[in-house]
Amino acid sequence: MGYCLIFLYTYAVVKTEKHVKIIMFAFFATAAVICLIGVFQFFEINPIMTDFGKSLIFSQEYQDYAANLVQTNTEVSSTLFHPNYMGIYCCILIPIVSMLLFSIKQKHWMIFAYVVLLGIAFVCVMGADSNTAMIILMPFFLFLFVFLEAFAVGVVGFVGNYEGPGVLLKKMQKGMLAVFAVLAVIFIGINIYQGENSLVMRVVNKIFNDYKPNFELVIDDIVLGDEEFSVIYKGNELIARYENTEDGGYAINVEADGKPVELIWPEGASGYCIDDSRFDGLYFKPRKENDVIKAYRIQVEDSKYPNAHYDIYYSGQDETYYCKNNYDRYMKIYKSETCYVPAFGILHGFTNRDFIWMKSIPILKDTILLGSGPDTYALAFPQYDYISIGHGWQYNYLITKPHSIYLQIGIQTGVLSLLAYLALWGCYVVESFRIYRKSELNTFTERCGLAIFIASFCYMVAGIVCDSYLGVSIVYWTLLGLGFACNKMSKNSEAAIITLPEKSKEQKLLIGLVTVIVFLLITVGHLLINRSDGEYRDGRATFSSNEIEMER
């Protein structure tokens, strides 16, 4: 609702080209600060890690944490939390700056400002080491050139009679083609120089070397009952039971097909294996507490499934078997649906997106109207499906995001919400094509409109493999509202040059007074919130200990 409010508010209040310039100036000013911090981080000088930077992060009551804050990675993230979000932010910034830089003759100081901003943004992209951002930005200039000519003829013809690009756009084609050619040469040269560590080689290796055409399970299921538990391994079932020992621990008995199966401890191994070729690679490893065996770990000795291991405990109080997860919680194991799409295997090397998508898509059928709620993806995802997570992800990892804006919206706020979002952007695309396919771009409003349209296209493409983040999405939705406003003004050339009546001295004085009052209220509120009274206000004082009970 916050994003929608920002979008609608921007669209409603922007009436003149002066308003467009004010918002774009604010966008470029904040972008310059974000990118400058990123440039310092690129050269291993992180302003956030200075005493002043830490004082901006931690309020007075948490200053003790500031001394222990250390930098754990060298990628550029600036103030956007993660390098990927920095890359996506630059996917919005770079197209807009590039479009305004090459669209029309500028004053010398404006050209210099655009070039500097474009340069530091590219440094941030390279420093963020975001494959997604680089893949999207490289064909950006080609897309712009194609849009100005062939794409307009072949694709946009359905929205009206195409009469060819305007005079200015014809001039831009040569300039953009030259820019694209230079960037292509630089890009190819850098990749050749970097060799095996180049962006192209990293992407190729992730696609081809890490490609998984299907999602395989060697342990099909683990069913935890009250008197026994069963393990389905490669389609074969094992039944296991714990028996009490004299030292207070447990021994394990295993049977298959209703007959006992001998357990063997091979030399150099760390657990028991089964004397049956059907269960090769499956081990039962004792888990000791105070030198007493309290449980057994089911583990697959296969390099393809390093995280397929499960600690099975027996609760004498509940008289049933549990799986102990990484958070020392005793849980039952649940199976969840999987949507097998072989094409997803291309993304296995990109943070296991194939597995996350395969497990996320089935959730959509339960979130058609309402969704699970904003920011509740971690609750909607089948976190207790330890079987699938152990085979396709990291067993001790909490999956908190789908790595796709579209899955994120469809699950959290509903499929209907996703369709509304796509419909909104679809209307924007069609309207923008109609307006700018033969525009002369004579006004700043028209140039901004085309720039924002191309930037929104880059953001939507990035959204296929990246999730929404507040620090970036708030910028995108503001610019989208501005893009709609620019389109509205561009439809009528007179609307783009409307001037508002000059404000009276009384109005200016009132605006200044309100601004000062708001600033003072924010300052006083900040001081009151961050006053140090020696007590935490995040709930920690409620608990005397964070230790987790080991027994239920």
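The values are calculated or read from the model by the stated rules, or taken from the named source; none is laboratory data. This one's a predicted model, so the numbers in the text were calculated from it and none came from an experiment. Don't worry about glycine lacking a Cβ; one is built from the backbone with ideal geometry, like all the others, and counts go over all protein chains shown. Keep in mind that these areas ignore ligands, DNA and RNA; they rest on the heavy atoms of the full protein, side chains included. Shrake-Rupley method; radii C 1.70, N 1.55, O 1.52, S 1.80 Å.
Okay, here's what the table says:
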{"quantity": "In sequence order, calculated HN-Hα J values of segment 266-277 (Karplus, 6.51, -1.76, 1.60; Hz; x Gly/Pro)", "calculated": "x, 5, x, 8, 10, x, 8, 10, 9, 7, 7, 4"}
{"quantity": "J(HN,Hα) series, segment 230-240, from Karplus relation 6.51 cos²θ - 1.76 cosθ + 1.60, nearest Hz, glycine and proline x", "calculated": "10, 10, 9, 10, 6, x, 10, 9, 10, 10, 10"}
{"quantity": "Whole-number accessible area per residue in Å² for segment 410-490, which is evaluated in the context of all protein chains at 1.4 Å", "calculated": "30"}
{"quantity": "Area of Val465 that stays accessible when all protein chains are in place (1.4 Å probe, Å², to 10)", "calculated": "30"}
{"quantity": "Chymotrypsin sites (Phe, Trp or Tyr not before Pro) restricted to segment 36-118 and DSSP loop, no more than 16 other C-beta within 10 Å", "calculated": "Phe43, Phe58, Phe81"}
{"quantity": "Cut-off under 5 Å, modelled amide H: who pairs with Phe229 long-range", "calculated": "Ala240"}
{"quantity": "Segment Phe58-Glu289, length gained on full extension (0.36 nm per residue, minus Cα span)", "calculated": "79.2 nm"}
{"quantity": "Projected label distance in nm at Val33 and Thr376, using a 7 Å step from Cα toward the beta-carbon", "calculated": "3.5"}
{"quantity": "Met331 long-range amide H proximity, modeled H, under 5 Å", "calculated": "Cys323, Lys324, Asn325"}
{"quantity": "Efficiency of FRET from Cβ geometry, Val514 and Lys18, R₀ 25 Å, rounded to 0.05", "calculated": "0.80"}
{"quantity": "P(r), alpha carbons of segment 1-114 - 5 Å bins starting at zero, rounded %", "calculated": "2, 9, 14, 17, 17, 14, 12, 9, 4, 2, 0"}
{"quantity": "Per-residue HN-Hα couplings for segment 12-21 [Karplus 6.51, -1.76, 1.60; θ = phi - 60°; Hz; x = Gly/Pro]", "calculated": "6, 8, 7, 10, 10, 5, 4, 5, 4, 5"}
{"quantity": "Placed amide H near Ala308: partners under 5 Å, 5+ positions off or other chain", "calculated": "Val300"}
{"quantity": "Segment 351-424 - percent of accessible surface contributed by carbon and sulfur, probe 1.4 Å", "calculated": "67"}
{"quantity": "Accessible carbon and sulfur surface of segment 259-340 relative to its total accessible area, %, 1.4 Å", "calculated": "42"}
